[in-house]
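Engineer: Let me begin by handing over the structure; questions about it come next.
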Amino acid sequence: MQVHAHPDDEASKAAATAARYADEGVRTVLVTCTGGEAGDILNPAMDTPEVRADLAAVRLRELDQSVSALKYAKLYLLGYRDSGMPDGEANHHPRAFWNAPLDESTGRLVRIIRTERPQVIVGYSDDQEGYPHPDHLRVHDIALAAFDAAGDPARYPEAGEPWQPLKLYYCGFTMRALKAAHAALVASGRNSPYEEWLATRKDTDHRFTTRIDVGDFLEARAQALAAHATQCPPDSFWFALAPEEMRAIYPWDEFIRARSRVATSEGQIETDLFAGIR
């Protein structure tokens, strides 16, 4: 089960991992917490009065296409409104994810966990300095809280029979991956969109515990990104390197193991989110 903030986050974060496990026969489930209503339209070709007037519905249609590309078995919408950035108008909306009581939003996720009974949950890191979007911060909060609460029969008794997931991961991008992509673009004489990121991003590579080989599934990731046409124009940095190039350069998704109720090999890089489970 992956928990993401907005439509398109499932395509940009741990997307190829979802496609890989679906291909292996693992039941994969996506929880999208908001409708993305406050997102900017980043593709000029999609910036029309019709799209602007119906952005929430457009983004959900894009999400359905992305889910299909990544072969998720089930999509759950947590039901909140996009909170926008801090101090913006959307951030004060009464239905905004950020404004929902934490106990309420955690309870909604607990209900889904108890329904689906996942062994592994993927959420966002506690360190969001690079992109402090309120909805991303809240995804971290509820994924961690729900992981701990779902197996406790005293918590949310109305949400179904208790179920304890075994592992919780945070998805993210290492400096190693950004440096590899940047170097490949520079070596081929192309402009790199990653130069500023490398100059300003905090290096947290030491926190990453897990590396999943997703080389065969980078095309599915590209298809999922392309499905989000309002957010990912063809000249987006997401497409700076073609899937086959990225496969040769850095064919891994990387994760921080945040919780584990099974034995783990400390100090060794995991190569499977289900290590210790299967």
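Read-outs throughout are calculated quantities, based only on the coordinates presented, and are distinct from any laboratory measurement. Owing to the predicted nature of the structure, the values given are computational and were not obtained by experimental measurement. Cβ: placed from backbone, ideal geometry, glycine included. Neighbour counts: every protein chain shown.
Engineer: Below 23 Å Cα-Cα, how many Lys pairs turn up in the chain? Only count pairs eight or more apart in sequence, or on different chains, if you could.
Structural biologist: Close lysine pairs under the 23 Å cut-off: 8.
Engineer: Enter the Cα centre distance for the pair segment 24-102 and segment 132-179, rounded to the nearest angstrom.
Structural biologist: 19 Å
Engineer: Work out how much length Ala248 to Asp216 would gain on full extension: take 0.36 nm times their residue separation and subtract the Cα-Cα distance, in nm to one decimal.
Structural biologist: Value of the extension gain: 10.4 nm.
Engineer: Same structure, new question: With the contact rule set at Cα under 8 Å and sequence spacing of 6 or more, what percent relative contact order holds for segment 2-260?
Structural biologist: 25 percent.
Engineer: Net charge around Asp64, counting only other residues with Cβ within less than 14 Å of its Cβ (Lys, Arg = +1; Asp, Glu = -1)?
Structural biologist: +1
Engineer: Tally the DSSP beta bridges in segment 2-260 and give the antiparallel ones as a percent, rounded to 5.
Structural biologist: Of the beta bridges lying entirely in segment 2-260, close to 40 percent run antiparallel.
Engineer: Let me ask you something else. I want to make sure I understand the PRE zone here: with the label point 7 angstrom from the Cα of Asp127 toward its beta carbon, which residues in segment 138-175 have backbone N atoms less than 14 Å away?
Structural biologist: 170-175
Engineer: Okay, next question. Quick check of the Kirkwood formula: for segment 47-104, what is the inverse mean of 1/r over all pairs of different Cα atoms, in Å?
Structural biologist: About 13.4 Å for segment 47-104.
Engineer: From the convex hull of the Cα coordinates of segment 2-260, what is the mean projected area in square nanometres?
Structural biologist: 13.8 nm²
Engineer: Can you grab the distance from the C-alpha centre of segment 107-123 to the C-alpha centre of segment 1-20, Å, no decimals?
Structural biologist: Computed from Cα coordinates, the inter-centre distance equals 15 Å.
Engineer: Expected output is a single nm value to one decimal: the length gained when fully extending between Val262 and Lys179, i.e. 0.36 nm times separation in residues minus the C-alpha distance. What is it?
Structural biologist: Value of the extension gain: 26.6 nm.
Engineer: Can you tally the net charge around Ala263? Count Lys and Arg as +1, Asp and Glu as -1, for every other residue whose Cβ sits under 14 Å from the Cβ of Ala263.
Structural biologist: +2
Engineer: Report the full-extension gain for the segment Asp148 to Ala187: residue separation times 0.36 nm, less the Cα-Cα distance, to one decimal in nm.
Structural biologist: 9.4 nm
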